Amino acid sequence: MTIQAGIIGFGYMGHFHLRKSRLIEGLDVTAVYDVDAAKLEEARQEGLTAYDTLEKFLADPNLSLAIVCTPNNFHAQLSIACLRAGKNVLCEKPATMNGAELEQVLKAAQESGRFFTAHQNRRWDVDYLVVREALASGAIGRPTSLISRVYGQRGVCFGWRADPEAGGGMLYDWGIHLIDQFLQMFKGHKVESVYARLQSILTPAVDDSFEVQMLFDNGVCAKVQVGTFSLQDLPRWFVYGDRGTLRLDDFTGTSGGMARIRQEVSGFDSVFGKNLGPSRTMAPLRPEFIETLELPKVTTDELAFHTNLLHACQGTETPLVTPQDLRRSMGIIDAAFASSRENAVIKTAI
Ligand SMILES: NC(=O)c1ccc[n+]([C@@H]2O[C@H](COP(=O)([O-])OP(=O)(O)OC[C@H]3O[C@@H](n4cnc5c(N)ncnc54)[C@H](O)[C@@H]3O)[C@@H](O)[C@H]2O)c1
């Protein structure tokens with residue numbers, strides 16, 4: 001059964017979903033609704049029906065799926081309208097602006113018997129999959145502390161991303177992806193506390209830099225660091241285990257290093273730190289104590305998300321990004337905003 005879909009908001013991500021759908025047999029994007037006439041013209045050029053009102057879009061009986069790709073502040077109201085019109089909804093991330101909005105959307109989904117899911121596509125990024133694979137193999141022992149970091153150089157949040165009313169800022173933009181990755185990585189474990197610091201450094205009014213720390217009930221401390229302005233590179237991932245350490249430099253998942261200790265270190269007499277000052281604790285290990293490991297090699301299925309989306313529309317699968325996943329990630333976002341506002345650790349059970 002072919003599924004016809006319509007896109008709301010034909011900007012950067014609207015075009016992304018059109019391109020993806022054209023790689024999936026059975027998923028046909030046929031229509032667009034946008035508030036910008038130039039975007040409607042782009043849609044016509046692509047051979048799509050261009051609707052200039054939401055009512056006309058909702059009234060199209062052939063559309064069983066709506067893909068919402070507007071700025072973040074419109075996600076909830078547009079998704080609810082689509083669900084009430086009997087359409088399944090894939091919404092761009094963040095699913096909504098907060099947990100309360102999300103509950104309204106999920107209620108609308110339940111009442112309409114349609115599904116609501118969000119585009120947490122970074123679950124299929126190879127760098128993330130390498131970290132997961134390394135942890136699953138036990139190569140560096142029990143994970144104790146992880147840092148997931150994304151920094152840009154341009155120093156600005158542009159367009160609606162600079163507007164707090166529109167849901168601008170980096171916590172909504174990148175934070176939601178990196179938080180979702182950690183929640184998936186430690187799926188069976190609850191986040192017991194959240195501490196966050198949001199900063200507005202070069203873009204006024206929204207967070208163009210932030211740090212969120214989550215403490216899981218297995219003792220793991222997971223830290224997300226995002227900023228728009230750094231002219232020196234730090235690794236994308238740094239993972240401490242109780243037997244070793246993993247570093248990934250970038251999104252390729254192939255540049256970095258992994259090492260573990262061969263045996264317990266006994267005594268500190270025979271090692272000397274160079275340029276370290278008087279310390280034995282922080283002196284390096286002799287090389288024979290360290291085993292260098294190959295980074296795991298992973299492949300990813302770049303069509304996995306949209307293939308599942310099609311099957312969910314056809315009723316043969318459920319969406320991979322579940323209401324429960326969205327409740328958890330929006331719960332962390334709410335806690336992070338509260339933590340930064342109050343400069344406090346927020347106790348959670350997420
Ligand atoms: N999953 C990802 O990797 C990823 C990457 C980038 C952006 N996003 C998300 O995609 C969404 C859109 O981001 P973008 O970068 O494509 O933005 P964009 O500015 O390129 O496009 C937004 C489009 O929405 C239209 N629009 C604005 N208000 C509207 C309304 N009320 N009704 C209908 N159309 C409206 C605009 O005219 C524009 O065409 C955001 O939620 C963003 O967080 C996700």
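The values are calculated or read from the model by the stated rules, or taken from the named source; none is laboratory data. Because the structure is a prediction, the values reported are computed rather than measured. Neighbour counts run over all protein chains shown; Cβ positions are idealised from the backbone, glycine included.
Points to keep in mind about this one:
- Those residues of the stretch 62-73 which are surrounded by fewer than 22 Cβ atoms within 10 Å (Cβ to Cβ) and within 11 Å of the ligand (Cβ to nearest atom), in sequence order: PRO71, ASN73
- None of GLY9, GLY26 is in contact (Cβ under 8 Å) with a residue 24 or more places away in the chain, near the ligand (Cβ under 10 Å from one of its atoms) and within 18 Å of LYS87 (Cβ to Cβ) except GLY9.
- For first residues located in the stretch 80-100 and over 18 Å from PHE57 (Cα atoms) and within 15 Å of the ligand (Cβ to nearest atom), partners that are part of a strand (DSSP E or B) and modelled with pLDDT of 95 or more and lie 6+ apart or on another chain with Cβ distances below 6 Å form the pairs LYS93/ALA118; ALA95/ALA118.
- Within the option set GLN110, GLN120, being under 20 Å from ALA5 (Cβ atoms) and among the polar types (S, T, N, Q) holds for one residue only, GLN120.
- Pairing each residue of the stretch 122-134 that is within 13 Å of ARG236 (Cα to Cα) with any residue that is within 15 Å of the ligand (Cβ to nearest atom) and part of a helix (DSSP H, G or I), provided the two are 6+ apart or on different chains, yields C-beta distances under 7 Å for TYR128/ARG122; TYR128/GLN181.
- Within the stretch 100-123, restricting attention to residues that are in contact with a Leu (Cβ under 7 Å, 6 or more places away or on another chain) and within 18 Å of HIS177 (Cβ to Cβ), the residue that is surrounded by the most Cβ atoms within 10 Å (Cβ to Cβ) is ALA118.
- Any strands (runs of 3 or more DSSP E) falling wholly within the stretch 213-265 and containing at least 1 residues that are basic (Lys, Arg): 221-227, 244-248, 256-261
- The stretch 112-121 - residue that is in contact (Cβ under 8 Å) with a residue 40 or more places away in the chain and not in a helix (DSSP H, G or I) and, of those, farthest from the ligand (Cβ to nearest atom): PHE115
- The lone exception for PHE186 - which of (1) within 14 Å of the ligand (Cβ to nearest atom); (2) touching a strand residue (DSSP E or B) at 6+ places or on another chain (Cβ under 6 Å) it fails: (1)
- The single residue among ARG161, ARG132 that is farther than 18 Å from MET214 by Cα, in the same structural domain as TYR240 (by TED's automatic domain parsing), assigned to a helix (DSSP H, G or I) and under 19 Å from the mean Cα position of the chain (by Cα) turns out to be ARG161.
- If the condition is being hydrophobic (A, V, I, L, M, F, W, C) and more than 25 Å from the chain's Cα centre (by Cα), then the stretch 4-31 contributes only ALA31.
- Single residue of ALA166, ALA109 found to be within 14 Å of the ligand (Cβ to nearest atom) and not basic (Lys, Arg): ALA166
- Considering only residues in the stretch 199-231 that are of a type in the set (A, V, I, L, M) and closer than 17 Å to SER148 by Cβ, the one that is surrounded by the fewest Cβ atoms within 10 Å (Cβ to Cβ) turns out to be LEU215.
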